[in-house]
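The values are calculated or read from the model by the stated rules, or taken from the named source; none is laboratory data. Please read these numbers as outputs of a predicted model, since none were measured by experiment. Positions of Cβ are generated from backbone atoms using ideal geometry, with glycine treated the same way; all protein chains shown enter the neighbour counts. We work out accessible area using only protein heavy atoms, side chains counted, and drop any ligands, DNA or RNA first. Shrake-Rupley method; radii C 1.70, N 1.55, O 1.52, S 1.80 Å.
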Amino acid sequence: MAMKVTVIGLGYLGATHAVAMAELGHQVIGIEADPQKLAALQAGKLPFYEPGLDEALTRVIETGRITFQPDHNESSRTADAHFLCVGTPQVSGSYAADTSYLFSAVDALAPYLSETAVVAGKSTVPVGTAKELINRLSAAAGFSAHLVWNPEFLREGTALEDSLRPDRIVVGVPAGDAHSERVMREIYEPILNGDTGSAAGQTPFLVMDVATSELVKVAANSFLATKISFINAMAEISEAAGADAVALAEAIGMDARIGSQFLRNGIGFGGGCLPKDIRAFMARADELGVGSAVDFLADVDAVNLRRRQRVLDLANQELGDIAGKKILMLGAAFKPDSDDIRDSPALDIAVQLAKAGAKVVIHDPMSLAGVMAKHPELDSVQDLTSAAQDAELVVLGTEWKLYRELDANSFGELVANKTVIDGRNALPYHAWQDAGWKVIALGRNLENA
Ligand code: UDX
């Protein structure tokens, strides 16, 4: 049955969730306080790049099932559910997550909350946050509010697909709140029934206590980060021992208990989630007096950051002194098919190279506007051919298809020196070597390959 929902906070998570809710047939009110983001969405445009989502946005706007506004009004009073999707960024100068946007969101919602409406938190939060939110909301509303936690596992680049055909739906429900569980099941019914393409009855709907549901998200992201840092640690060993971390990953990944995903070594993880989530997890575990349980995450973070330094060291090694040398960074986004530059390893390396005196030219098919605004010290060049002109070193930082499919021969004619550091192990190195390139790939020794 179609329901009426509000989605509060329309960043990557909220905008995708709002569109997904409308795709499921629900009536959606999207609420976004930032005037620029709001204006874009009202005009049918996404304020960020996400493949397929803009078409879906256009489609649901045409159905009339989605509207956007800056804050709640009387129409919020008749909503069946309110999804909290505001950001929980890292507090500056600390590892902790800033949950203040969530508290402001429930304060703003309280006057418009009906006694039957269910508030569903989707933001990634330190365990224990939902309990505080329930208390705050109930006190402000003057009745015992319904609040559940419903973490979101979408990845940028496949956000809509992940929302409409998720591996599982997790809902943390306070003991005895059968009403909230019923409403959440109804909202996700089209997915559970198979209407969105998943096999009917095959999407697990996991109901658990609230604290566990908050932990599921941070635990999942911590595990993924650990997996990446594990293979990057193996890359460090491989570099020292003359072994090949890519072959190693392939071999261990064939053990179904290990699995081959998230075993790609390179310059490591970035983005708005993994780095911030492992740090917030360490901070929260400390507050709970069990910091040592996740001490290993400090190493996960350290391995990840060391891989960026490795590229700086390799650049120095190749160029002698990098001061004044022209280095082309291919990619600025934290991963392909995204224009997100938050905590991007590629961008961080470019900035460090520039700090060390290199003339860094940076190219990216989607994120250069953001780079130009934040890093005027980098030479952001839209046209790849001009960007490559006379480069003395090329670094692959983001494995966009465009770069993976470059013609190594003609590309080689543009640069001054045919040396490439493949920070993502993504280039077909035989073809590049055949075209006369020296290919340096992290975690492997291609001279011996
Ligand atoms: C992540 C989680 O995957 C998702 O479930 C959660 O909801 C949000 O955080 P996302 O940040 O979009 O999603 O990116 P993800 O695909 O997980 O990649 C994170 C980073 O790890 C990227 O910088 C990527 O380049 C890097 N990565 C990924 C590796 O270095 N090696 C790998 O094998 C996989």
For the chain, what is the calculated [θ] at 222 nm in deg cm²/dmol (nearest 500), taking -39500 (n - 2.57) for each run of four or more DSSP H residues and dividing by its residue count? -13000 deg cm²/dmol
Determine the shape class of the stretch 1-153: with a ≥ b ≥ c the square roots of the Cα gyration tensor eigenvalues, call it rounded for a/c under 1.5, and otherwise prolate if a/b is greater than b/c, oblate otherwise. oblate
Please tell me which of these pairs span more than 22 angstrom C-alpha to C-alpha: K359/K401; K326/K355; K359/K418? K359/K401
Shape call for the chain, from the Cα gyration tensor axes a ≥ b ≥ c (a/c under 1.5 means rounded, otherwise prolate when a/b beats b/c, else oblate), comes out prolate
In the P(r) worked out for the stretch 314-449, what percent of Cα pairs fall beyond 20 Å? 39 percent
Qualifying trypsin sites (Lys or Arg not before Pro) in the stretch 28-95, DSSP loop, other Cβ atoms within 10 Å at most 16: K45
Per DSSP, the loop-located trypsin sites (Lys or Arg not before Pro) within the stretch 106-181 having at most 15 other beta carbons within 10 Å are R155, R168
Could you state the per residue volume, in Å³, of the convex hull enclosing the Cα atoms of the stretch 230-376? 141 Å³
Largest first, what is the accessible-area ranking of E23, E287 with a 1.4 Å probe? E287, E23
Where a ≥ b ≥ c are the square roots of the eigenvalues of the C-alpha gyration tensor, would you call the stretch 10-85 rounded, which needs a/c under 1.5, or, failing that, prolate if a/b is larger than b/c, or oblate? oblate
Less than 16 Å apart at the alpha-carbon level, and either on another chain or at least 8 residues along: which aspartates and glutamates does that give for K335? E50, E156, D343, D348, D364, E399, D422
Per residue, how much accessible surface does the chain expose to a 1.4 Å probe? Answer in Å², no decimals. 42 Å²
What whole-number value in cubic angstrom gives the convex hull volume per residue for the C-alpha atoms of the stretch 118-191? 101 Å³
